[in-house]
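Read through the structure below, which is laid out as structure tokens, and then see the notes.
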Amino acid sequence: DTAVSQTPKYLVTQMGNDKSIKCEQNLGHDTMYWYKQDSKKFLKIMFSYNNKELIINETVPNRFSPKSPDKAHLNLHINSLELGDSAVYFCASSHRTNTEAFFGQGTRLTVV
Amino acid sequence: QQQVKQSPQSLIVQKGGISIINCAYENTAFDYFPWYQQFPGKGPALLIAIRPDVSEKKEGRFTISFNKSAKQFSLHIMDSQPGDSATYFCAARDNAGNMLTFGGGTRLMVKP
């Protein structure tokens, strides 16, 4: 029944590694997002993506890349992980024409 | 550059009291203003939202007041309950895109 699901919920990895976080939504939405929440709880948009357009927040390092195999999935790949990447990453989705965004439970990434 | 400024960062209210959280924005292209509630370990969830064509919206104990000329909006929680203890985020979305810009969050604690 979960509307937006992310895996894994927790991810601990070493600096320099490459990792992926998966996201799936079963709401039939056409737009998906990735947000980063830092230790101070600030929520910052990273990407917005639908089947036509990828919008990238210009402050996101190019080590981060979204990959969408289909409309229901938007995975986040991170290369060469750094300590500063430690945060909670949230996936969300919405209809392009509808303003409400539904969030997943989050993935807590810890880089050691 | 923070486009949506939220205050206070933290708030302690007695049970039954009124909790008030304020937000101010810069971008006049914003046309949708939601409030999200986040409990520890969970993703943000939509609480209530308003568009700038109305000055107030009420849903149960939650009310948004909107002042378009001042570019400010606020959340009022009447009869605050311990179960309302959470982090609250205001947000805004512009009419050109579909990404939410969040305020810095307010950690609310309602004491019994």
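The values are calculated or read from the model by the stated rules, or taken from the named source; none is laboratory data. Nothing here was measured: the structure is a model prediction, and the numbers come from that model. Methodologically, a virtual Cβ is constructed for each residue, glycine included, from the backbone with ideal geometry; neighbour enumeration extends over all protein chains shown. Note: accessible area is taken over every heavy atom of the protein model, side chains too, but ligands, DNA and RNA are not part of it. Shrake-Rupley method; radii C 1.70, N 1.55, O 1.52, S 1.80 Å.
Points to keep in mind about this one:
- Test: residue in region B:53-63 that is surrounded by fewer than 18 Cβ atoms within 10 Å (Cβ to Cβ), modelled with pLDDT under 95 and within 14 Å of another protein chain (Cβ to nearest Cβ): yes
- Checking each residue in region A:65-86 for being among the hydrophobic types (A, V, I, L, M, F, W, C), modelled with pLDDT of 95 or more and open to solvent by 10 Å² or more (accessible area, probe 1.4 Å) picks out only A:83.
- The set of residues in region B:54-112 being β-branched (Val, Ile, Thr) and in contact with a helix residue (DSSP H, G or I) (Cβ under 7 Å, 6 or more places away or on another chain) consists of B:77, B:110.
- Residues located in region B:70-112, provided they are of a type in the set (Ser, Thr, Tyr) and away from chain A (no Cβ under 14 Å): B:74, B:80, B:85
- Residues in region A:96-112 that are in contact (Cβ under 8 Å) with a residue 12 or more places away in the chain, within 29 Å of residue A:28 (Cα to Cα) and open to solvent by less than 70 Å² (accessible area, probe 1.4 Å) were compared, and the one that is farthest from the other protein chains (Cβ to nearest Cβ) is A:109.
- Flag: residue B:44 matches the condition of being touching a strand residue (DSSP E or B) at 6+ places or on another chain (Cβ under 7 Å) and buried (at least 17 other Cβ atoms within 10 Å of the Cβ).
- Residue satisfying all of: in region B:18-36; modelled with pLDDT of 95 or more and open to solvent by 20 Å² or more (accessible area, probe 1.4 Å); farthest from residue A:43 (Cα to Cα) among these: B:18
- The set of residues in region B:56-112 being closer than 27 Å to residue A:34 by Cβ and either acidic (Asp, Glu) or not in a strand (DSSP E or B) (or both) consists of B:94, B:95, B:96, B:97, B:98, B:99, B:103, B:104, B:105.
- Residue identified as touching a Phe, Trp or Tyr at 6+ places or on another chain (Cβ under 8 Å), within 14 Å of chain A (Cβ to nearest Cβ) and open to solvent by 60 Å² or more (accessible area, probe 1.4 Å) among B:3, B:9: B:3
- Flag for residue A:80 being polar (S, T, N, Q), more than 10 Å from every other protein chain (Cβ to nearest Cβ) and under 19 Å from residue A:8 (Cβ atoms): no
- Filter result for residue B:67 (within 14 Å of another protein chain (Cβ to nearest Cβ), open to solvent by 50 Å² or more (accessible area, probe 1.4 Å) and closer than 15 Å to residue B:50 by Cβ): no
- Of the strands (runs of 3 or more DSSP E) lying entirely inside region B:1-45, those containing at least 3 residues that are within 20 Å of residue B:78 (Cβ to Cβ) are B:10-14, B:19-25, B:30-38.
- Lone qualifier among A:28, A:106 - being under 13 Å from the mean Cα position of the chain (by Cα) and at positive phi: A:106
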